[in-house]
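What follows is a short report on a single structure.
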Amino acid sequence: MTQTMLSLRNIKKHFGAVQAVAGIDLDILENEFFALLGASGSGKTTLLRMLAGFEMPTAGSITLDGRDITHTLPNHRPVNLMFQSYALFPHMTVAQNIAYGLEMEKLPRTEIKSRVADILEVIQLSHLATRKPDQLSGGQRQRVALARALVKRPRLLLLDEPLGALDKKLRGEMQLELKRIQHEFGITFIIVTHDQEEALVMADRIAILQDGALLQCGSPQDIYEHPQSRFAADFIGVMNFFPVRRSGDHLLANDGGRVFADLDDAVANNSDAVAAVRPERLHLDVGKGENSLTGRVSAMAYHGLDLQLHLETPLSPDSVMVRLTADAAEARPLSIGDEITVGWAARDTRVFAA
Amino acid sequence: MTDRKSLYLMTPALAWLTGLMVIPCLLILVLAFFRRGIYGGIEYTFTLENIWLVFDPLYAGIFVKSATIAGTSALIAVIVGYAAAYAIAAAPSRRQPMLLFFAVLPFWSNYLVRTYAWIVLLNREGLIASVVHSLGYDGELPRLLYTESAVVVGLVYNYLPFVILACYAPLSRLNPEVIEASRDLGGSGWTTFRRVTLPMTAPGIATGFVFVFVLSIGNFVTPALLGGGQFQMIGNLVYAQFLTANDWPFGAALSMFLIAIMMGLLTLQTFATERASGARKEES
Ligand SMILES: Nc1ncnc2c1ncn2[C@@H]1O[C@H](COP(=O)(O)OP(=O)(O)OP(=O)(O)O)[C@@H](O)[C@H]1O
Ligand SMILES: [Mg+2]
């Protein structure tokens with residue numbers, strides 16, 4: 001799993017004056033599950049379309065298995081794209097839609113039949129094989145589009161928001177299926193998703209795009225625990241931010257209180273900065289960390305596994321989110337209006353330039 | 001909308017159709033079963049003679065010939081019109097209305113003028129002949145005007161705008177990503193056209209074909225002008241029965257068959273289009 005399979009070198013794409021992709025360098029490894037995250041309009045679809053061969057990069061090159069495919073036609077690339085709009089063939093049945101790609105490979109009829117039947121089983125739509133796309137629900141259509149791309153077992157599979165229309169349970173099942181299929185057939189996946197949780201769960205590596213540029217790329221843990229910018233920290237998971245100013249080896253908050261962090265040179269002395277801490281790093285057990293913060297509970301939400309508190313504090317106009325495990329919440333019953341103090345460790349504080 | 005409301009809204013159209021379409025058709029139908037008077041006119045005794053006469057090899061032959069000419073015209077018009085519609089739909093979207101406008105432009109001029117224009121072109125001393133001769137060719141040109149081909153050319157020319165519009169509608173509605181999906185799954189350009197574009201736009205082709213066929217098979221102006229006096233299509237035959245031969249009952253019988261053929265084709269086409277779009281409607 002260490003061999004580079006796909007290389008993007010300085011890929012750019014302009015649509016007239018719009019710069020959709022702004023010089024991306026990226027190496028995707030053999031059999032990797034790679035997730036692209038980014039706000040709407042950040043260039044995710046454009047990037048996938050260049051990999052599939054539907055847009056020519058304005059500059060840069062794409063290499064797949066050592067072969068330059070920058071200008072190769074879509075039907076000559078061992079790459080398949082599942083379209084964000086599904087793009088199913090409306091005049092064909094579900095089974096015909098899925099079989100189409102295999103027929104293009106001129107496979108024997110019997111093999112096509114059995115592979116279509118197998119994949120229909122996986123997406124749980126065997127009973128709708130003879131329906132036309134118009135007679136399916138949005139989620140069913142999405143699964144057909146997924147199956148149509150998957151059944152080809154390409155070297156590289158590009159999925160543009162493949163599970164967005166599915167309910168939570170089905171989405172979980174499909175996530176597991178995707179992982180299983182990936183291992184079974186050794187397909188490399190690049191998946192675009194708006195759902196950061198999905199990216200964290202499924203991906204070997206995540207890249208965050210902002211305005212067509214690669215903001216950060218790394219393992220889910222890396223991205224979650226060590227975001228390199230305020231944008232990345234905000235984009236993945238929930239993060240509490242508060243304005244601070246650096247003062248030597250520590251930070252000063254709005255109310256004059258000290259905030260401790262593992263400071264490097266990212267923020268110059270006496271300059272404004274933003275400190276950040278994840279809700280699950282805040283503890284009721286104040287003794288556990290160097291930092292502490294007192295506030296009033298303004299809202300509580302029970303989530304089964306955890307209890308989420310909103311604290312009004314002098315540190316920032318936004319309320320601070322605290323996530324308590326069920327155990328911690330039981331040990332210390334709370335109600336709205338209570339004044340509590342939470343603490344966290346210096347190493348859990350992230351600091352970004354303001 | 002309630003049934004009653006839609007009835008009110010449909011009343012003027014229904015009245016119009018009944019008065020000017022259904023009643024005359026019924027009159028024609030009835031007329032076909034009467035005898036021709038000795039000096040023209042109608043003798044009101046029942047007979048099937050006129051109906052049998054339609055199947056006389058002489059007249060059946062004219063039916064077949066008319067159908068062949070109409071079919072050839074429809075086929076050529078569909079091929080040429082589909083290609084044009086495809087090109088228009090592929091043009092940048094802000095230029096498409098203008099291209100469509102030009103495609104339909106001839107349609108706004110008088111039918112006779114347009115047909116006469118072809119006489120000017122195809123004439124022995126016409127434009128085409130003079131151009132060929134001015135290029136240095138001295139020999140005899142094959143006859144262009146007053147031929148079957150001239151009739152086909154005239155019909156295709158006249159009805160082409162219909163076909164372009166009929167084919168443009170589904171072509172412009174094609175989702176480009178569906179075409180891309182076919183390429184993505186390994187289909188070449190030609191395979192994609194044959195298996196995706198063509199079937200998805202087939203209703204437009206069917207509409208265009210039936211339109212040209214139905215309008216051509218009953219046409220009598222174009223065959224009269226471009227086919228010359230001796231050339232007969234069903235339309236000319238009907239025209240002659242009513243206006244020169246004074247055999248109204250036989251003219252009526254011929255008309256009935258013509259109408260039956262047209263109705264049959266239009267019904268078929270409606271069913272085909274409905275079946276193609278039926279799935280979509282079922283859901284909504
Ligand atoms: N064909 C095009 N012509 C002009 N601009 C385009 C075109 N395609 C995309 N863009 C622009 O490029 C930018 C990136 O678009 P893209 O579709 O890649 O975003 P995305 O990240 O996929 O967004 P979303 O999450 O909403 O799908 C956008 O600003 C978009 O408006
Ligand atoms: Mg997109």
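The values are calculated or read from the model by the stated rules, or taken from the named source; none is laboratory data. The model shown is predicted, which means the values in this text are computed figures rather than measured ones. Cβ sites come from the backbone with ideal geometry, for glycine too, and all protein chains shown count toward neighbours. To get the accessible areas, we keep the full protein, side chains included, count just its heavy atoms, and leave off ligands, DNA and RNA. Shrake-Rupley method; radii C 1.70, N 1.55, O 1.52, S 1.80 Å.
Before we move on, is residue A:69 in contact with a strand residue (DSSP E or B) (Cβ under 6 Å, 6 or more places away or on another chain), buried (at least 16 other Cβ atoms within 10 Å of the Cβ) and within 14 Å of chain B (Cβ to nearest Cβ)? Taking the combined requirement at face value, the residue satisfies it.
Number of residues in segment A:28-66 that are within 14 Å of chain B (Cβ to nearest Cβ), hydroxyl-bearing (Ser, Thr, Tyr) and open to solvent by 40 Å² or more (accessible area, probe 1.4 Å) equals 1.
Residue check: residue B:195 meets all listed conditions (1) at pLDDT 90 or above; (2) within 30 Å of residue B:143 (Cβ to Cβ) but one, namely (2). Checked against the criterion of being within 16 Å of ligand 1 (Cβ to nearest atom) and buried (at least 20 other Cβ atoms within 10 Å of the Cβ), segment A:135-142 contains one or more residues that satisfy it.
Does any residue of segment A:332-346 turn out to be assigned by TED's automatic domain parsing to the domain that holds residue A:254, out of contact with any Gly (no Cβ under 6 Å at 6 or more places or on another chain), within 20 Å of residue A:233 (Cα to Cα) and open to solvent by 80 Å² or more (accessible area, probe 1.4 Å)? No, segment A:332-346 has no match at all. Considering segment B:107-143, and only residues there that are part of a loop (DSSP other than H, G, I, E, B) and aliphatic (A, V, I, L, M), the residue that is least open to solvent (accessible area, probe 1.4 Å) turns out to be B:141. Filtering segment A:128-145 to residues that are within 16 Å of ligand 2 (Cβ to nearest atom) and either outside any helix (DSSP H, G or I) or not small (Gly, Ala, Ser) (or both) leaves only A:142. The criterion of being at positive phi and surrounded by fewer than 16 Cβ atoms within 10 Å (Cβ to Cβ) does not hold for residue A:254.
Residues of segment A:84-127 being small (Gly, Ala, Ser) and away from ligand 2 (no atom under 16 Å from the Cβ), which ones?
Residues satisfying the conditions are A:95, A:99, A:101, A:114, A:117, A:126.
Residue A:88 meets the conditions (1) within 9 Å of another protein chain (Cβ to nearest Cβ); (2) crowded, with 22+ Cβ neighbours inside 10 Å; (3) within 16 Å of ligand 1 (Cβ to nearest atom) in every case but one. The failed one is (3). Pull up segment A:174-197, narrow it to residues that are within 16 Å of ligand 2 (Cβ to nearest atom) and surrounded by fewer than 21 Cβ atoms within 10 Å (Cβ to Cβ), then point me to the one that is nearest to the other protein chains (Cβ to nearest Cβ). Ranking the candidates gives A:194 first. Residue count for segment A:142-153 under the criterion of being among the basic types (Lys, Arg) and within 11 Å of another protein chain (Cβ to nearest Cβ): the result is 2. Count of segment B:167-206 residues, restricted to those that are more than 8 Å from every other protein chain (Cβ to nearest Cβ) and surrounded by 23 or more Cβ atoms within 10 Å (Cβ to Cβ), is 4. The residues of segment A:91-108 that are closer than 17 Å to residue B:179 by Cα, within 7 Å of another protein chain (Cβ to nearest Cβ) and either among the acidic types (Asp, Glu) or open to solvent by less than 30 Å² (accessible area, probe 1.4 Å) (or both), listed by number, are A:100, A:101.
Scan segment A:17-44 for residues that are on the phi > 0 side of the Ramachandran plot and more than 16 Å from ligand 2 (Cβ to nearest atom) and jot them down. Answer for segment A:17-44, where residues must be on the phi > 0 side of the Ramachandran plot and more than 16 Å from ligand 2 (Cβ to nearest atom): A:23, A:31. For segment B:46-63, the tally of residues that are open to solvent by less than 60 Å² (accessible area, probe 1.4 Å) and more than 17 Å from residue B:238 (Cβ to Cβ) stands at 1. So is residue A:72 free of Cβ contacts under 8 Å to residues at least 24 places away in the same chain and hydroxyl-bearing (Ser, Thr, Tyr) or not? Judged against the criteria, residue A:72 is a match.
Here is the figure for segment A:109-131: residues that are more than 14 Å from chain B (Cβ to nearest Cβ) and open to solvent by 60 Å² or more (accessible area, probe 1.4 Å) total 8.
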